[in-house]
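Values quoted throughout were computed directly from the atomic coordinates according to the rules given, and no laboratory measurement underlies them. Fair warning: this is a prediction, and the values are worked out from it, not measured in the lab. Neighbour counts are summed over all protein chains in view; Cβ atoms, including those assigned to glycine, are modelled from backbone coordinates with ideal geometry.
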Amino acid sequence: MLPHAADDISRDGKSLILAYDHGLEHGPVDFEPNPDTADPERIFELATHEAVTSLAVQKGLAEAYYPDYEDEVNLLLKLNGTSNLWRGEPNSAVNCTAEYAAELGADAVGFTVYGGSNHEVAMAEEFRDAQEGAREHDMAVVMWSYPRGQGLRNDASPDVISYGARLGLELGADVVKVKYPGSAEAMGDAVEMAGPADVVMSGGTMRDDEAFLRNVSNAIDAGATGIAVGRNVFQRDEPERILDALEAVIFQESDPAEALAV
Ligand code: FBP
């Protein structure tokens, strides 16, 4: 079998990306439910949990913390991102190049594309630079494919999410991160549209353990290869406990209720 570009950030073809770019994207409010998680050290420690196949952070955190974790954590460097203080049409500043990500030791790069935004054309062109730069340095490319903006009334409808998955394939992503479209069937459609690109679901904020794990399990049954999750792990009182359960559901394909009972 040919090596898969995302092998460095997956295990047995499955991935659990721990996303921690929230300090930029949403601000300190995301750390309020579990104040210890404002400290990036807490999250780098959490990323050493064996369920986690990569940690997605912005450049500043990678520079400050990754040198101490490079043996234990796979780095997914998010190349663009914008704060919640920005109120314009969805857009994302390019904060880091693929070349600098490689210098920092990244195994993969992450990039948000807001298909449907007034800025879609510019974002796709920026993605091109990131994608081609990543290819030069043998880093996998993960697209946060979040259609939203101007004419898009429902950025979470199954059709829009499938289109987002397809954008990832068309533009050269190895992994496409999409919102969970609400059912296994709809997730199956998105997976089909992504072709050989892996599809991972976004974590979101659902609080009920079993319902959340049921969505993850449905996504895996539909052919998704895992999850990219932030708040649904680090905002919980016991982040390690939900990581244990996610590991069982994603890698052992355990039933959610059984995964929680362990
Ligand atoms: P969550 O699991 O917390 O939803 O994080 C996934 C993620 O894509 C983060 O990487 C990003 O910061 C955030 O969601 C963006 O969410 P949105 O743009 O929907 O507010």
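Amide H contacts of Tyr180 (H built 1.01 Å from N, in plane; Pro and chain starts excluded): Ser202 sit under 5 Å, all sequence-distant by 5 or more or on other chains. What number comes out for the charge environment of Met123, summing +1 per Lys or Arg and -1 per Asp or Glu over other residues with Cβ under 12 Å away? The answer is -3. Cα convex hull, the stretch 104-198: 88 Å³ per residue, rounded to a whole number.
Since only Gly182, Thr48, Asn95 are under comparison, the one whose Cα sits farthest along the positive direction of the charge dipole of the chain, derived from C-beta charges on Lys, Arg, Asp and Glu, is Gly182. Give me the log10 of I(q) over I(0) for the stretch 216-262 at q = 0.16, 0.28, 0.29 Å⁻¹, as the Debye formula computes it from C-alpha points; what are the numbers? With one equal scatterer per Cα and no solvent, log10 I(q)/I(0) is -0.40, -1.07, -1.11. On the principal axes of its alpha carbon atoms, the stretch 1-143 extends 44, 40, 25 Å, with the longest extent given first. Considering all different alpha carbon pairs of the stretch 146-206, the Kirkwood hydrodynamic radius works out to 11.4 Å. As a rough guide to protection, the peptides 163-170, 82-89, 133-140 ranked by mean Cβ packing within 10 Å, highest first, stand as 163-170, 133-140, 82-89. Close amide-amide hydrogen proximity is noted between Ser254 and Val249, each under 5 Å apart and 5 or more residues distant or on a separate chain (H modeled in the peptide plane; Pro and chain starts excluded). Mean residue ellipticity, 222 nm, helices only, the chain: the sum of -39500 (n - 2.57) across DSSP H runs of n ≥ 4, divided by residue count and rounded to 500, is -11000 deg cm²/dmol. Treating each Cα of the chain as an identical point scatterer and summing with the Debye formula, the log10 of I(q)/I(0) at q = 0.08, 0.13 Å⁻¹ comes to -0.27, -0.77. When the chain is treated as a Gaussian network with alpha carbon springs shorter than 10 Å, the biggest mean-square fluctuation among Met206, Met193, Met143 belongs to Met206. Note on the chain: with charges restricted to the Cβ of Lys and Arg (+1) and Asp and Glu (-1), its dipole about the Cα centre is near 960 debye.
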